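*Asks:* Take a look at the following structure, please.
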Amino acid sequence: MGYYKSLFLMIYLFNALLGVMAPVSAVHAQNDHPAVAAASDLKFALEEIAARFRSDTQSDVRLSFGSSGNYFRQIGQGAPFQLFLSADEEFVFRLHQAGKTVDRGALYATGRIVLFAPRGSSLQVDARMAGLKAAIADNRIRRFAIANPEHAPYGRAAEQALRKLGLWDALQGKLVLGENASQAAQFAASGSAQGGIFAYSLALSPSVVQQGRYVLLPEDLHQPLRQRMVLVKGAGETARAFYAYLQQPVARNIFERYGFLLPAAAAQ
């Protein structure tokens, strides 16, 4: 009996030790590969930047892409992200006011939107959307894709552009709302919709650019898409290094190649 008691005690202590060590290991892994919450318009540009960061520094980050509004709520509720790249700087400012970030962050880019028509669509794309107006009048638009304006900044910009040109009301009942800009691009590029409005950066991506045609919409059709990033309180060394890397020429050049307008130092 004494032997079995001793064996049971050893197993108990070993499992207890594992229980203590596992959270420490998990925290260590999290700090080594910090979670980054990024607006979905950044998907292709940020994946390329992260690959360069990995090659240059032998450090890595875990990227998640979605709508800025959803990430704003998640971080506010304590989600374990260490860095937030928002498509709307107001979300960053509000998180800072709530005491969730180390500062007010840095402006990293200004985004643009496009009107897109997939292969096979009769929609003619033009900067003032006259072709879209004609297609609606002819009942050639059954579905039109944008991101959800309630929490996706690119969806809000699409709504503003459509309202300014008097097309918003005519599209009610035809809108297909993506959870974010990337999903809206997928709906439009796949042919599930006859057209859509989404981020210029996504229209330039290899998986979308060959699926249809697009036109860059004028900046005066919507409020500026000022995109800001910020470190969340408690961010580790790798997250801080990536944050700094995103402001270096190698990252800025990639952002520019994907259609983002880069901020001047004075505008940050």
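The values are calculated or read from the model by the stated rules, or taken from the named source; none is laboratory data. Since this is a predicted model, take the numbers as computed values, not measurements. Reconstructed Cβ throughout: ideal geometry from the backbone, glycine too, with neighbour counts over all protein chains shown.
*Asks:* In the range 90-172, which strands (runs of 3 or more DSSP E) lie fully inside it and hold 2 or more residues that are farther than 17 Å from GLY212 by Cα and modelled with pLDDT of 95 or more?
*Replies:* Correct list: 106-111.
*Asks:* Could you name every one of the strands (runs of 3 or more DSSP E) located completely within the range 183-268 that has at least 2 residues being within 14 Å of VAL114 (Cα to Cα) and either polar (S, T, N, Q) or not assigned by TED's automatic domain parsing to the domain that holds ALA87 (or both)?
*Replies:* Per the criteria, 195-199, 212-216.
*Asks:* So for the range 26-34 (the condition being touching a Lys or Arg at 6+ places or on another chain (Cβ under 9 Å), of a type in the set (S, T, N, Q) and either in contact (Cβ under 8 Å) with a residue 40 or more places away in the chain or in the same structural domain as TYR200 (by TED's automatic domain parsing) (or both)), does at least one residue qualify?
*Replies:* Scanning the range 26-34 turns up at least one residue that is touching a Lys or Arg at 6+ places or on another chain (Cβ under 9 Å), of a type in the set (S, T, N, Q) and either in contact (Cβ under 8 Å) with a residue 40 or more places away in the chain or in the same structural domain as TYR200 (by TED's automatic domain parsing) (or both).
*Asks:* Restricting the range 182-209 to residues that are under 17 Å from the mean Cα position of the chain (by Cα) and under 10 Å from ALA145 (Cβ atoms), which is surrounded by the most Cβ atoms within 10 Å (Cβ to Cβ)?
*Replies:* PHE198
Let's see how each residue does on (1) surrounded by 14 or more Cβ atoms within 10 Å (Cβ to Cβ); (2) basic (Lys, Arg); (3) over 15 Å from ALA235 (Cα atoms):
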| position | (1), (2), (3) |
| --- | --- |
| ALA37 | yes, no, no |
| ASP41 | yes, no, yes |
| ASP56 | no, no, yes |
| LEU83 | yes, no, no |
| THR101 | yes, no, no |
| ARG104 | yes, yes, no |
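*Asks:* Could you please let me know if LEU171 is outside the structural domain of PHE260 (by TED's automatic domain parsing) and either over 16 Å from HIS222 (Cα atoms) or within 22 Å of the chain's Cα centre (by Cα) (or both)?
*Replies:* So LEU171 passes the test.
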